[in-house]
1. Of the residues Lys148, Lys113, which is of a type in the set (Lys, Arg) and out of contact with any helix residue (DSSP H, G or I) (no Cβ under 6 Å at 6 or more places or on another chain)?
2. Looking at Ser119, Ser178, Ser174, Ser141, which is the one that is of a type in the set (Gly, Ala, Ser), in a loop (DSSP other than H, G, I, E, B) and on the phi < 0 side of the Ramachandran plot?
3. Taking Met124 as meeting all but one of (1) surrounded by 15 or more Cβ atoms within 10 Å (Cβ to Cβ); (2) part of a helix (DSSP H, G or I); (3) of a type outside the set (Asp, Glu), write down the number of the exception.
4. How do the pairs read when you match residues in the stretch 106-131 that are over 16 Å from Leu159 (Cβ atoms) with residues anywhere that are of a type in the set (Phe, Trp, Tyr) and assigned to a helix (DSSP H, G or I), using Cβ under 6 Å and keeping only pairs 6 or more apart or on different chains?
5. Please list, ordered by first then second residue, the pairs with beta carbon atoms under 7 Å, 6 or more apart or interchain, first in the stretch 73-85 and assigned to a helix (DSSP H, G or I), second among the hydroxyl-bearing types (Ser, Thr, Tyr).
Amino acid sequence: MGMKRANGTGSVYKKRNKNLRKPYYAVITTGYTSSGKAIRKTIGTFAKAKEAHEALAQFTTGVFINTDKIKFKDVWAMMVEEKKRVRASINTTFKMATTRLTPIWNMEIQHVKTAQLQSLFDAMTDLSTSSMKIIKSLLTSTFDVAMKNDYVQKNYAKLIILPKREETEPIHKSYSESDLRTLWSHTDNEIARLILVYIYTGLRPVELLHIKIEDVHLKERYMVGGVKTKAGINRQIPIAECIYPFVMEMYQKGAFSKSKLLGAGKETYWVRRKTDKLCKDLNITRHAAHDTRHTFITLAANYGMDDKILKLIVGHTFSNDITKCVYTHKNIKQGYVTTNS
């Protein structure tokens, strides 16, 4: 039976003969058929008639959102857009996080509680603590957006307890002096030349693949590029004399994208595959793709590069010690190669 409202403001009715948790339907008219029959749309269901009337009142002012239907993935998308507005880099970290959040991806945000979130993290036995911290941070930002829009009343992501991890060897390690000697003795190998460019620029694996030809200044010995953070975007990267021929070769080929360098493939895994193959072919210690960046920072620190200059080159902010605490491997004795950058 319908409940009387003013014309043009929609109507509320209760479904009878059904044991429904939310039996009250708020309905609006969106148009009329050619025969004059009203085209109606339900904007939400409610436990009480008062709630349904309030929803219609909000709808007529243009501010109503049916929070019952807002899914986690919708709020995640809103969070991503908010990050873009403040020019935060949307990188592979976001993609990695989304794969881990599959079980809640299509859940309505109001039904995602601490228990569901905690179970996801308890299952992340293959991830490092730093990776879990990143995912928790993104979840916290997502729930912040949900709270700002009144989809939820509490940020359940903040209550997640990260599982403890046993102490293991560092995920990343610098190329040793022996590794560097081997690379320099195999510069006829295209992958070896590429890895050396990474080592002596400090670029993240994905960053070289995004540098535009017009941003490479061979005469002045620097190029402009970078992703991920405000400090990392559009920074100047010196081109060391020792790798200048390799960079010039890429420049002349117009090859700084993955499709032009050594073949196609997903950026996330492309450099890793090339690095694995190189280490196997040259019989050197297996390295992760990101180890080249660690090597650059370690070499620069060992040779006494000014800390501020180093942070400018690699794109780290001056407000933290991530350069020293995470990247510098003082226990590895580095030598052999000097740079003129």
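1. On the way: Lys113 fails: out of contact with any helix residue (DSSP H, G or I) (no Cβ under 6 Å at 6 or more places or on another chain).
Testing whether each residue is of a type in the set (Lys, Arg) and out of contact with any helix residue (DSSP H, G or I) (no Cβ under 6 Å at 6 or more places or on another chain) leaves just Lys148.
2. On the way: Ser119 fails: in a loop (DSSP other than H, G, I, E, B); Ser178 fails: in a loop (DSSP other than H, G, I, E, B); Ser141 fails: in a loop (DSSP other than H, G, I, E, B).
Criteria check complete, one pass: Ser174.
3. Unmet for Met124, out of (1) surrounded by 15 or more Cβ atoms within 10 Å (Cβ to Cβ); (2) part of a helix (DSSP H, G or I); (3) of a type outside the set (Asp, Glu): (2).
4. Pairs found: Met107/Phe72.
5. As it stands, the answer is Val75/Thr142; Val75/Tyr151; Trp76/Thr142; Met79/Ser141; Met79/Thr142, since those pairs meet every condition given.
Throughout, read-outs are computed from the coordinates displayed, never taken from laboratory work. All values reported here derive from a predicted model rather than from experimental measurement. Counting neighbours? That spans all protein chains shown, and the Cβs are built from the backbone with ideal geometry, glycine included.
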